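This report refers to the structure that appears directly beneath it.
What follows is calculated from the coordinates using simple rules that are stated; it is not laboratory data. Computed from a predicted model, the values in this text were never measured in an experiment. A quick note on method: Cβ atoms are made from the backbone with ideal geometry, for glycine too, and the neighbour counts reach across all protein chains shown.
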C-alpha cells in the first residue's frame, strides 16, 4: 500500500475537515479490509472492477469510484452502511442488497450526519438510499432503479427518509421502486431537481412538516405525490404529469394544512388535485391542464384558496364529494383562468362580469346513477352541461369563482415554460394530442412573460 501526493480535485471539504490524499490498493484486498486499515480522513479511490461483499464505514472516510467500480453485496442486508459523520461516497455502482423490508435492506444505508452521497448508480437493490436518524446530509445526482421484477408492495423506496432533519436531495433519478421519496417524521427537508417515474407515489409525505420540494418531475406513477398528515409544506415549479391508472392522481392531499403550492404544472392525470380533510392551504400560479378532473374534493376540505391558476382543457373542473367545501376560488378580486368559461368582460378589466360556476351537471347525475358514466364525455353530456348553464334547474353545488380571469395568468417563469415543453414532448395517451392545442395560449403567455422578464433583467 502506498500513499500518493494529495490531488486537489480529490480533496473534499465536508464541514468537519479535509480528507487526505487517495489510497490506491493494487493488491486484491477485500474492500472492508481497506476501510478498516484506513486512517480517519483518508480517501480511498477504487479502480474499475467488482468489489464483493457488503461493507460498513465506521470512521470519517471518502470512498470514491474510478471508472466502473462496482460494490456488490452478498444479497443480505445493506450493501454500504455509513455510521460515521462527514463521509463521502461518490462515483460507485452499488448492487445486490438483501430483500428483507423489515430489515431496511438498502443499497446505501446512512445513520450519520454531514454525509455526502453523490454520483452513484444503485441497481438491483430493495431500498435505494435509506436515511435513518440522519441529519444535515446531501444526496445528489444518484441514479436509483429498484427491482422491477417485484410487485410494487414488495419493493422499498428509492430514497427513504425516517426521523431525519435538515437533509437535501438534489438531481436524483429514481424508477421502479415502491415510492420515489418516502418522507416520515422528517422536517426541514429540501427535495429539488429530481426525476421520478414508473412507481407508486413519486413523493410520499407522512407526518413530515416544514419541508420544501422544488423543480421536480414526477410522471407515469400511480400518484405524482401523496402528501399525508403534514403541514407547512411548500412546493414550487414541479411537474406532475401522466399519472394514470386505477385511482390515480397528480397530487393527493390527506389531512394536510397550511401548505403553499406555487407555479406547478399538474397535467394529463386522471385527477389533478385530490383533497380529503385538508384545510387552510393556498394554490396560486399553477397550471392544471388536460386532466380528466382538475380537482376532486371532499366537503371536509375547508378554506382552501385558489387564485390566479390556469385551469385549461380539463374534462371536468371539479368533482365534489358533498354539497360545499367553503373553498375560496379567488383572493383580493383575482380568481382563476378557466378555458371553459364562456362569460364576457364588458368593462375591459380582464375579469369576467359573470361568475364561473365550478360544476358539471352530468357529473352530478352520474353520481346518482353510476351507469351513466358510460356517457360521461359524450356529446349528450356536454349538451346537458351547456343547457344547465343556460337554465340552472339542478342545484349541483355552490362552488363559484366570482372573479374569473379572461386571460391565462402570465407566469413569467422559465421553469414553468420548461415544464409545459416537457409535457408537449411527452408521449401522451390516446386522445392527449387532440387536446394538446388547449395549452397553446398558456404556453404563449408564459413565453412572452419569460422574454419580458429577460429583457428587464438585461436593461432593454
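Answer yes or no as to whether residue 346 is in a loop (DSSP other than H, G, I, E, B) and either out of contact with any strand residue (DSSP E or B) (no Cβ under 8 Å at 6 or more places or on another chain) or crowded, with 16+ Cβ neighbours inside 10 Å (or both). Criteria met by residue 346.
Here is a yes/no grid of residues against (1) crowded, with 19+ Cβ neighbours inside 10 Å; (2) in contact (Cβ under 8 Å) with a residue 12 or more places away in the chain; (3) outside any loop (DSSP other than H, G, I, E, B):
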| residue | (1), (2), (3) |
| --- | --- |
| 75 | no, yes, no |
| 122 | yes, yes, yes |
| 147 | no, yes, no |
| 156 | yes, yes, no |
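Do we find that residue 267 is within 21 Å of the chain's Cα centre (by Cα) and buried (at least 18 other Cβ atoms within 10 Å of the Cβ) in this structure?
In short, yes.
Out of all the residues in segment 158-177, which are more than 12 Å from the chain's Cα centre (by Cα), part of a loop (DSSP other than H, G, I, E, B) and buried (at least 24 other Cβ atoms within 10 Å of the Cβ)? Those that are more than 12 Å from the chain's Cα centre (by Cα), part of a loop (DSSP other than H, G, I, E, B) and buried (at least 24 other Cβ atoms within 10 Å of the Cβ): 158, 164, 167, 177.
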